[in-house]
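What follows is a short report on a single structure.
None of the figures in this text is laboratory data; all of them are computed from the coordinates on show. Remember, it's a predicted structure, so these values are computed and weren't measured experimentally. FYI the Cβ positions are ideal-geometry reconstructions off the backbone, even for glycines, and counts take in every protein chain you see.
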Amino acid sequence: MARRVRAVLVAAVTLHSLLLGTALLAAPGWALGLSGWSYDGSPFFPQQAGLFLLLLGIAYGLGLFRPGLGWFLVVSKASAAVFLAAEYLAGVAPAAVLEAGLLDGLMGLLVAAALVWERRAGRAIRSERPPAA
């Protein structure tokens with residue numbers, strides 16, 4: 001059960017990153033407008049962020065097959081949460097950025113909890129096995 005919960009959470013975070021990355025890469029003005037951020041400059045930096053989100057999404061997706069990569073997702077989401085909250089608190093980003101940071105933090109916490117649960121469940125199963133003869 002713990003493994004299934006982790007897989008569902010990692011898949012959801014992966015999908016979120018892939019969709020957001022694709023939107024920023026393909027239609028940066030539209031994607032930023034959804035978050036309440038008006039941007040009329042060069043599309044280079046939003047598109048670069050989109051590419052990075054696509055790469056992160058791929059790395060997160062690999063976590064479905066290699067649970068250890070789940071901790072990469074946790075660290076990535078925690079870093080994003082701190083950065084986005086700091087940018088909002090510094091007054092350089094709209095409230096939607098704080099909301100995105102809170103969402104990133106929540107995603108990271110949920111995956112971390114699932115990873116810990118999965119590890120503990122695995123230990124419990126191993127400790128219930130009879131000793132080898």
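With axes computed from alpha carbons, what is the tilt in degrees of helix 44-62 against the longest principal axis of the chain, rounded to the nearest 10 within 0 to 90?
10 degrees
What is the helix-to-structure angle for 95-128, meaning the angle in degrees between its Cα long axis and the longest Cα principal axis of the chain, kept from 0 to 90 and rounded to the nearest 10?
10 degrees
If you wrap a convex hull around the C-alpha atoms of the chain and split its volume per residue, what is the figure in Å³? Walk me through the intermediate numbers first.
Numbers: hull volume 13.1 nm³, N = 133.
In the chain, the Cα convex hull volume per residue is 98 Å³.
Of Ala112, Ala2, Ala27, which is farthest towards the positive pole of the stretch 2-126's charge dipole, taken about the Cα centre with +1 and -1 on the beta-carbons of Lys, Arg and Asp, Glu respectively?
Ala2
May I ask you to sort Ser17, Ser35 by Cβ crowding, counting other Cβ atoms within 10 Å and putting the fewest first? Could you put the intermediate results ahead of the total?
Details: Ser17 25, Ser35 16.
Starting with the residue having the fewest Cβ neighbours, the order is Ser35, Ser17.
For Trp30 and Leu51 in one chain, what is 0.36 nm times their gap in residues minus the Cα-Cα distance, to one decimal in nm? Let's see the in-between values first.
Values: separation 21, 0.36 × 21 = 7.56 nm, distance 1.60 nm.
Additional length available on full extension: 6.0 nm.
Mind putting a number on the dipole of the chain about its Cα centre? Charges go on the C-beta only, +1 for Lys and Arg and -1 for Asp and Glu, and I need it in Debye to the nearest 20. The partial results should precede the final answer.
Values: 10 positive and 6 negative charges, 195 e Å.
The calculation lands at about 940 debye.
With a cut-off of at most 12 other beta carbons within 10 Å, and DSSP calling the residue loop, which trypsin sites (Lys or Arg not before Pro) in the stretch 1-98 qualify? Please list them.
Details: sites: Arg3, Arg4, Arg6, Lys77; in loops: none.
Filter output for the stretch 1-98: empty list.
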